[in-house]
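Read the structure below first, then the notes.
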Amino acid sequence: MDKIYINNIKAFGYHGAIAEENVLGQNFYADITLYKSLKKAGLTDNLDESVSYVDAYYDVESIIKNEKYNLIEALAENIAMTLLKKYAIKKVKVKIRKPGAPIDGNFDFVGVSISRERSDYEGN
């Protein structure tokens with residue numbers, strides 16, 4: 001299956017299980033992989049046969065910036081559901097990284113990665 005990548009989307013949001021995270025906020029990073037046959041887009045050179053990564057980027061950025069979740073699992077799930085419902089894609093992979101997690105220790109980030117297909121949200 002062909003893929004469209006949007007990697008390292010950086011957006012400031014208010015997601016976390018600790019109250020201070022929902023007040024102070026922090027940067028979140030997202031990697032998105034959209035699964036779709038790109039053969040027709042490649043043969044026709046027509047954006048209508050693909051997915052606008054500009055539009056998808058702004059959808060992800062808006063969700064991170066404007067919604068609040070206790071868990072980054074819920075953030076990833078909402079991003080996946082939004083992209084699958086809005087675009088003609090078969091599958092999406094969403095990876096969320098949270099470098100400012102409230103852990104007293106040395107680490108690069110905590111994160112989650114989920115893969116969802118259109119059928120996962122049928123009926124929702």
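Observations
- Among residues of the range 1-36, those that are part of a strand (DSSP E or B), surrounded by fewer than 17 Cβ atoms within 10 Å (Cβ to Cβ) and acidic (D, E), counted: 0
- Of all residue pairs spaced 6 or more apart or on separate chains, those with beta-carbon atoms under 7 Å, a first member in the range 1-29 that is within 21 Å of V54 (Cα to Cα) and at pLDDT 95 or above and a second member that is among the small types (G, A, S) and not in a strand (DSSP E or B) are D2/S37; I6/A56; F12/G25; G13/G25; N27/G100.
- Selected residue (only one of V60, V112, V94 is outside any loop (DSSP other than H, G, I, E, B), surrounded by fewer than 17 Cβ atoms within 10 Å (Cβ to Cβ) and in contact (Cβ under 8 Å) with a residue 24 or more places away in the chain): V112
- Tabulated pairs, the range 37-56, first part of a loop (DSSP other than H, G, I, E, B) and exposed (fewer than 12 other Cβ atoms within 10 Å of the Cβ), second at pLDDT 95 or above and charged (D, E, K, R), C-beta under 9 angstrom, 6+ apart or interchain: N46/K40
- With respect to (1) of a type outside the set (F, W, Y); (2) closer than 25 Å to D2 by Cβ; (3) touching a strand residue (DSSP E or B) at 6+ places or on another chain (Cβ under 6 Å), the lone exception for D55 is condition (3).
- Qualifying residue in the range 80-90 (condition: over 20 Å from H15 (Cα atoms) and of a type in the set (S, T, Y)): yes
- Residue in the range 75-91 that is touching a residue at least 12 places away in the same chain (Cβ under 8 Å), polar (S, T, N, Q), in a loop (DSSP other than H, G, I, E, B) and surrounded by fewer than 18 Cβ atoms within 10 Å (Cβ to Cβ) present: no
- Count of the range 63-74 residues which are more than 14 Å from I32 (Cα to Cα) and either assigned to a helix (DSSP H, G or I) or among the polar types (S, T, N, Q) (or both): 6
- The condition (being farther than 16 Å from Y5 by Cα, among the aromatic types (F, W, Y) and touching a strand residue (DSSP E or B) at 6+ places or on another chain (Cβ under 6 Å)) is satisfied by just one residue among F107, F28: F28.
The values are calculated or read from the model by the stated rules, or taken from the named source; none is laboratory data. This structure is a prediction, so every number in the text was calculated from the model and none was measured. Positions of Cβ are generated from backbone atoms using ideal geometry, with glycine treated the same way; all protein chains shown enter the neighbour counts.
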